[in-house]
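Here the structure comes first, spelled out in structure tokens, and everything after it is commentary.
The values are calculated or read from the model by the stated rules, or taken from the named source; none is laboratory data. Note that the structure is predicted; figures quoted are calculated from it, not measured. Here the Cβ positions follow ideal geometry from the backbone for every residue, glycine too, while neighbour counts run over all protein chains shown.
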Ligand code: AMP
Ligand code: GLY
């Protein structure tokens, strides 16, 4: 079979490595892919992930049997709709269903209408009305741009002055472009955060192993928000009892709500949850695999990924058992110094000849210059280890991360610390 994966980060590398485990996968194309992915797939750097018509033309021309659209932008732009129209089976939601991520106003209104637990909120189109509302609000409070903003569209002002600045930044200065035409102002919640990715064909759902992201750039959860500096799976805060509550009050009601709205969700639905003292609440939905969550979740998947993705496309997921390995996985991101603000690119990367058998190096932001792999993004590599215990997985991931070098290499040193504390406190 000829497979195609749209995207070119660590998440896509993890998907590709897993798809390759299926002996029927002869060729895997990655559009655009990256320098490291080139070892596992045929990369096409000229075709960007947002270039929908070029992706469709390529798929038709190369007689692709199955495509996976991984990033949020092409999903929101209707890549799956366009591939389907051209007769290419694929994995991912159509543009209407992708609104669950691409519009926070859509997702908040969906949750309200169908009674899915989330933070209380108000929607504003007019900055003056937002400012007036803030006068009577309590702080901290959460202000979110409606549209996609590379994970940076959420501000948490601590007082009225900061809140006014936040409204100005999003709605008047348009720091996130048209994504800030509308905003959601919502209640600040507290509690451990859990990421749950789930396969769904619109009706049946198979949640994946839970995970924990580390979004801030610095140790101790300080500094700017990033795309994610590391992950662990499973998340020890997510007990079987909480999983059942989430299934009954969040997961199944969300699928039913999307069906009722005429946009059944097929693909990977990501639930960003907060376990508050009043129970689990939805912080956000993503219409895709999370990055770097995928880099700890997929290594623990036992069932063949392509088989699951085909069952999602054919709406037969209800007939499939999805199995997971025991044990844990940890991923440490190696970033370019300065990320998520300014950083330099083009630094040669030195990798060890081999990694230990339980370690995988996922390539997120690099490219080939001749035969040399050089940095080309903020998040450069994800070093994942799988092991019987989380402590072992962390120790192996950090040991392997030490064997990689490039100028300006930056990493957090406390990935998994909170998860270990939660485990040991149990
Ligand atoms: P998001 O991009 O929606 O995942 O938000 C980014 C981060 O902001 C989340 O991972 C949370 O840490 C935080 N956040 C978002 N919404 C809330 C909320 N209502 N209360 C507290 N923290 C929040
Ligand atoms: N790691 C969070 C995300 O993929 O949005």
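Values for this structure:
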{"read-out": "Strands (runs of 3 or more DSSP E) contained entirely in region 249-357, each with at least 2 residues that are under 20 Å from residue 118 (Cα atoms)", "value": "267-276, 279-286"}
{"read-out": "Residues located in region 199-219, provided they are farther than 28 Å from residue 304 by Cα and either more than 15 Å from ligand 1 (Cβ to nearest atom) or assigned to a strand (DSSP E or B) (or both)", "value": "216, 217, 218, 219"}
{"read-out": "Qualifying residue in region 314-335 (condition: surrounded by 14 or more Cβ atoms within 10 Å (Cβ to Cβ), free of Cβ contacts under 8 Å to residues at least 12 places away in the same chain and closer than 21 Å to residue 237 by Cα)", "value": "no"}
{"read-out": "Residue in region 220-230 that is nearest to ligand 2 (Cβ to nearest atom), counting only those that are outside any loop (DSSP other than H, G, I, E, B) and surrounded by fewer than 20 Cβ atoms within 10 Å (Cβ to Cβ)", "value": "225"}
{"read-out": "Count - residues of region 89-146 that are within 13 Å of residue 265 (Cβ to Cβ), free of Cβ contacts under 8 Å to residues at least 40 places away in the same chain and more than 18 Å from the chain's Cα centre (by Cα)", "value": "1"}
{"read-out": "Candidates 267, 290 - the one that is within 16 Å of ligand 2 (Cβ to nearest atom), at positive phi and in contact (Cβ under 8 Å) with a residue 60 or more places away in the chain", "value": "267"}
{"read-out": "Failed condition for residue 19, given (1) touching a residue at least 24 places away in the same chain (Cβ under 8 Å); (2) surrounded by fewer than 19 Cβ atoms within 10 Å (Cβ to Cβ)", "value": "(2)"}
{"read-out": "Test: residue in region 384-391 that is under 24 Å from residue 339 (Cα atoms), touching a strand residue (DSSP E or B) at 6+ places or on another chain (Cβ under 9 Å) and free of Cβ contacts under 8 Å to residues at least 60 places away in the same chain", "value": "yes"}
{"read-out": "Which listed residue is in contact with a helix residue (DSSP H, G or I) (Cβ under 6 Å, 6 or more places away or on another chain) and either assigned to a loop (DSSP other than H, G, I, E, B) or closer than 22 Å to residue 299 by Cα (or both), from 56, 64, 5", "value": "5"}
{"read-out": "Filter pass, residue 378 being under 24 Å from residue 7 (Cα atoms), surrounded by 18 or more Cβ atoms within 10 Å (Cβ to Cβ) and either in contact (Cβ under 8 Å) with a residue 40 or more places away in the chain or out of contact with any strand residue (DSSP E or B) (no Cβ under 9 Å at 6 or more places or on another chain) (or both)", "value": "yes"}
{"read-out": "Residues (within 17 Å of residue 103 (Cβ to Cβ), surrounded by fewer than 21 Cβ atoms within 10 Å (Cβ to Cβ) and within 16 Å of ligand 1 (Cβ to nearest atom)) located in region 252-282", "value": "272"}
{"read-out": "So residue 193, is it touching a strand residue (DSSP E or B) at 6+ places or on another chain (Cβ under 8 Å), modelled with pLDDT of 90 or more and within 16 Å of ligand 2 (Cβ to nearest atom)", "value": "yes"}
{"read-out": "Output for region 133-184, where each listed residue is out of contact with any helix residue (DSSP H, G or I) (no Cβ under 7 Å at 6 or more places or on another chain), in a loop (DSSP other than H, G, I, E, B) and within 16 Å of ligand 2 (Cβ to nearest atom)", "value": "150, 151, 152"}
{"read-out": "Condition met for residue 279 (within 16 Å of ligand 2 (Cβ to nearest atom), modelled with pLDDT of 95 or more, touching a helix residue (DSSP H, G or I) at 6+ places or on another chain (Cβ under 7 Å) and over 30 Å from residue 396 (Cβ atoms))", "value": "no"}
